[in-house]
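Below: the structure, in structure tokens.
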Amino acid sequence: MLHPHTGVPFVIRTFMANWETCVTIAERSKRISVQQVVSITLGNGGGIVTAVSNNVSVGGALFYCDRFISRGSHVALLIVLPLEITHEKPTQGWCSGKIVRVEKELKDGKFGIAIDFTTFQVTLSA
């Protein structure tokens, strides 16, 4: 099965903390509606943008922010994955990723950006 945004075959991701969870393709795409404020660090010294999540999955998230961030931009952020995703407890992690979609329509004056996570490193339980 190919990734819907990149056309690249899915890679099963594994998280390591006090447990090990193999993430299936179906779980990877399961989106959980969750609103949390995050600071997105833009690559190449682009600064920091505050954003609010709309939904989150193991493989990525949709955020709304005041600043336009172009498709293909590399970003990093600290995020909490809810227990519906981790199956254990809410888990905080440092993610790096890439903007794979920018919504064409503003929502309440905010830009919708979809981030595909390329790495997730557990920092601690939330």
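The strands (runs of 3 or more DSSP E) located wholly in the stretch 33-86 that include 3 or more residues which are farther than 13 Å from Gly112 by Cβ and in contact with a strand residue (DSSP E or B) (Cβ under 8 Å, 6 or more places away or on another chain) occupy 37-42, 47-56, 74-81.
Taking Thr119, is it of a type outside the set (Asp, Glu), within 10 Å of the chain's Cα centre (by Cα), part of a strand (DSSP E or B) and loosely packed, with under 15 Cβ neighbours inside 10 Å? Against the criterion (of a type outside the set (Asp, Glu), within 10 Å of the chain's Cα centre (by Cα), part of a strand (DSSP E or B) and loosely packed, with under 15 Cβ neighbours inside 10 Å), Thr119 qualifies.
For Gly112, state whether it is among the small types (Gly, Ala, Ser), more than 12 Å from the chain's Cα centre (by Cα) and under 19 Å from Arg31 (Cβ atoms).
On the way: among the small types (Gly, Ala, Ser): yes; more than 12 Å from the chain's Cα centre (by Cα): yes; under 19 Å from Arg31 (Cβ atoms): yes.
For Gly112, the condition - among the small types (Gly, Ala, Ser), more than 12 Å from the chain's Cα centre (by Cα) and under 19 Å from Arg31 (Cβ atoms) - is met.
If you check Ile99 against the conditions, is it β-branched (Val, Ile, Thr) and either part of a helix (DSSP H, G or I) or under 9 Å from the mean Cα position of the chain (by Cα) (or both)? The answer is no for Ile99. One residue stands out among those in the stretch 47-62 that are free of Cβ contacts under 8 Å to residues at least 40 places away in the same chain and surrounded by 15 or more Cβ atoms within 10 Å (Cβ to Cβ): the one that is nearest to Ser73 (Cα to Cα), which is Val49.
Residues in the stretch 71-111 that are more than 19 Å from Thr41 (Cβ to Cβ) and either surrounded by 19 or more Cβ atoms within 10 Å (Cβ to Cβ) or in contact with a Leu (Cβ under 8 Å, 6 or more places away or on another chain) (or both) were compared, and the one that is modelled with the lowest pLDDT is Thr86.
The values are calculated or read from the model by the stated rules, or taken from the named source; none is laboratory data. Note that the structure is predicted; figures quoted are calculated from it, not measured. In this analysis, Cβ positions are derived from the backbone assuming ideal geometry, glycine residues included, and neighbour counts consider all displayed protein chains.
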